[in-house]
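> Take this structure, written in C-alpha cells, and hold onto it; I'll ask about it next.
Just so it is clear, none of the values below were taken in a lab; they were calculated from the coordinates. Only a predicted model underlies this, so the values are computations on that prediction, with no experimental measurement involved. In this analysis, Cβ positions are derived from the backbone assuming ideal geometry, glycine residues included, and neighbour counts consider all displayed protein chains.
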Amino acid sequence: MSIDATLKALGIELPAPPKPVASYVPAVLVGDLLYLSGMLPFRDGQVVITGKLGDGVTVERGAEAARLALLNALAVVKHELGSLDRVQRIVRVVGHVASAAGFAQQPAVINGASDLLVQIFGESGRHARVALGAAELPLHAAIELELLVQVKHS
Amino acid sequence: MSIDATLKALGIELPAPPKPVASYVPAVLVGDLLYLSGMLPFRDGQVVITGKLGDGVTVERGAEAARLALLNALAVVKHELGSLDRVQRIVRVVGHVASAAGFAQQPAVINGASDLLVQIFGESGRHARVALGAAELPLHAAIELELLVQVKHS
Amino acid sequence: MSIDATLKALGIELPAPPKPVASYVPAVLVGDLLYLSGMLPFRDGQVVITGKLGDGVTVERGAEAARLALLNALAVVKHELGSLDRVQRIVRVVGHVASAAGFAQQPAVINGASDLLVQIFGESGRHARVALGAAELPLHAAIELELLVQVKHS
C-alpha cells in the first residue's frame, strides 16, 4: 500500500506545505538526508494551537498540535520528494513543547507526532526522539517540530 | 586498550540501556552516523537528578547529572553497536540544562559529559558542542543530552 | 567572486575564531558535513549582546546579535576549511533566542543571520531553519546559533 493510500485509510489529508520564506527554505536535501525547517501547527496559514502546556493547554491539545505540526512536515516532505513513498526512514524528531513552569509531560505531548509516524510509515517511522520544554516559541505556537528524514536511493 | 578496559580503569560501570518505548527508539543508524534519542539522568529506571540549576541544583550536581545522562547514552551506543570500540568519533553533543531565571553556567554543567567523553575516548571524544538553558525538561530532569556518533566502517 | 571578496564588498570583517576549549572543539567534519559548536555573539573574547528579547533587548538588537554570532560561526568555518569558498551549502541553522515571557518574534531575530547568509553565499546560503525561544543561554548571551555546513568535495 502506498503512503498516500495509508493516509487516506487513516482519514488524513495533508495541508498545503508552508510557503518558503525570504532567506530560508522549508527543507534541504544533502546526500540521502532531508533536513526540515522547524514546523509549527499551521492550518490555512495560521498557527491554530497556541499557548503553553501546563497553563491552559492540555496534554491532549498539545498532542493534537504535535500531530498538526507533523502533517505540515509531511506536506513539505511530499513536496520536496514528489512522493512520501520515497521516505526510507524517519531518522530523528525533536519536539519543542512550550512549557509553563513545572510542566514535565513533554513526552506525552510529542507522542502525538511519534505515534502518527508509526501509523503512517510502520517500522520505517520509528525514530530517535528528543522531547524538550521551550520557554517560548515563534508566533506563540504550543509546539515546534524538527524532522530528519532518510530518502530512498532513486 | 579497549574502551571497556578504559571504563573499568576509570571505575565506570554502564547502566542498563533505557528500554525502547512505544513509537520511538533509543537510536537510529544512517550510514555511519548513529543518532541517539534524548538521554536523561536515569538510574534503575528512574530520573535521579531533578530540578533546576540556579534553584536548588548546584553546578556540581548538574555536572553529575550530565555525566549520568552520558553513561545512559553510552549504554545505548554499546547496545546498538555491540561494542564501544566501534565508535569512530563523538561528533556532536547538545546539552539541555533545566535553568532557573538568571542561570548562565550551562557550559560548566555540560562539562560533566564533555570531560568524561575525552577521558573515555581520547581525541575521538572531542566533539562539537551546544550548551542550552531549557525552561523545563521531561520528568523534571535537570539535564537532557543529545549525542551524534560516527561509527567505524566494519 | 570569492566569498572573501563578497565579504569585503559587504564591508564585513570576520572576527578571530573562538578558541578551542578544554574538552570540546569548535567544529567536527564528518564526510562532507561540518558540524559547528553553538556560537554566541562574541567580540574580542566577550559576549557583547546579553539579556533577553522582550525584556530590554529589542528585535533589532537581537538581529544584530544573530548576525554577530553568525560571523563567529563563519570565522570557525574559514579556520576549519581554509577558505569559505569551500562551502557547498549552508544546510541548517538553529537559532536559540533568549526570550522573556510572551516574546514570540524569534523568526525576526534570527533573520539577522539568515539574511546575511544569503547575502554572502547566494542560493547556497538558503538553509533549513529552526527558530526557538530559550529560557537562558550561556554567559547571558541574547542569541546562540547552531550551523551545519556542507563542504565541497576537494
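> Looking at region B:3-151 only, what percent of DSSP beta bridges run antiparallel? Nearest 5 please.
70 percent
> Taking chain B as the reference, fit the longest principal axis to its C-alpha atoms, fit the long axis of helix B:59-81 to the helix C-alpha atoms, and give the angle between the two in degrees, 0 to 90, nearest 10.
30 degrees
> Quick one: if the Förster radius is 30 Å, what FRET efficiency do residue C:2 and residue B:58 give, using the C-beta to C-beta distance and rounding to 0.05?
For residue C:2 and residue B:58, the calculated efficiency is 0.05.
> What list do you get for B:55, C:32 if you sort them by fewest beta carbons within 10 Å?
So the ranking, lowest neighbour count to highest, is B:55, C:32.
> Out of A:103, A:121, A:42, any idea which swings most in a Gaussian network model of chain A, alpha carbons joined below 10 Å?
A:103
> Given the options C:76, C:93, C:30, state which has the largest fluctuation in a GNM of chain C using a 10 Å cut-off (strictly under) for Cα springs.
Its mean-square fluctuation being the largest, the pick is C:30.
> Could I ask something else about it? Just the Cα atoms of region A:61-154, one point each, no solvent: what log10 I(q)/I(0) does Debye give at q = 0.19 Å⁻¹?
The Debye formula, applied to the Cα set alone, gives -0.83.
> What share of Cα pairs, in percent, lie more than 19 angstrom apart in region A:1-112?
Result: 50 percent of Cα pairs exceed 19 Å.
> How far, in nm, would the chain grow between residue A:43 and residue A:88 when pulled straight, counting 0.36 nm per residue and subtracting the alpha carbon separation?
13.5 nm
> Moving on. Return the calculated 222 nm mean residue ellipticity for chain B, to the nearest 500 deg cm²/dmol, obtained by summing -39500 (n - 2.57) across DSSP H runs with n ≥ 4 and dividing by the residue count.
Values: 3 runs with 46 residues, N = 154.
One gets -10000 deg cm²/dmol as the mean residue ellipticity at 222 nm.
> Sticking with this structure for a sec: With everything on Cα atoms, drop me the angle between helix A:106-121 and the longest principal axis of chain A, reported from 0 to 90° to the nearest 10.
Tilt of helix A:106-121: around 20 degrees.
> Right, another one. Using the structure shown, list the pairs from B:8/B:78; B:8/B:52; B:78/C:19; A:52/B:19; B:52/C:52; A:8/A:52 with a Cα-Cα distance above 22 Å, or answer none. Provide the component values of the computation, followed by the final result.
Values: B:8/B:78 15 Å; B:8/B:52 32 Å; B:78/C:19 32 Å; A:52/B:19 29 Å; B:52/C:52 19 Å; A:8/A:52 32 Å.
With Cα atoms farther than 22 Å apart: B:8/B:52; B:78/C:19; A:52/B:19; A:8/A:52.
> Starting from the Cα of residue A:152, draw a straight line to each of the aspartates and glutamates and keep only those under 17 Å, dropping any in the same chain fewer than 8 residues away.
A:4, A:32, A:80, A:85, A:123, B:32
> How fast does the protein assembly as shown diffuse by Stokes-Einstein, in µm²/s, taking the Kirkwood radius from C-alpha pairs at 25 °C and 0.890 mPa s? Before the final figure, lay out each step's value.
Working: Rh = 21.9 Å.
My calculation gives 112 µm²/s for D.
> Only bridges whose two residues both fall in the protein assembly as shown count here: according to DSSP, what percent of them are antiparallel, nearest 5?
DSSP beta bridges in the protein assembly as shown are roughly 65 percent antiparallel.
> Among C:143, C:3, C:12, C:90, which comes first, second and so on when ranked by fewest other beta-carbon atoms within 10 Å?
Lowest to highest Cβ neighbour count: C:12, C:3, C:90, C:143.
> For chain A, set up a Gaussian network in which alpha carbons nearer than 10 Å are linked by springs, and say which option among A:78, A:19, A:52 fluctuates the most.
Highest fluctuation among the options: A:19.
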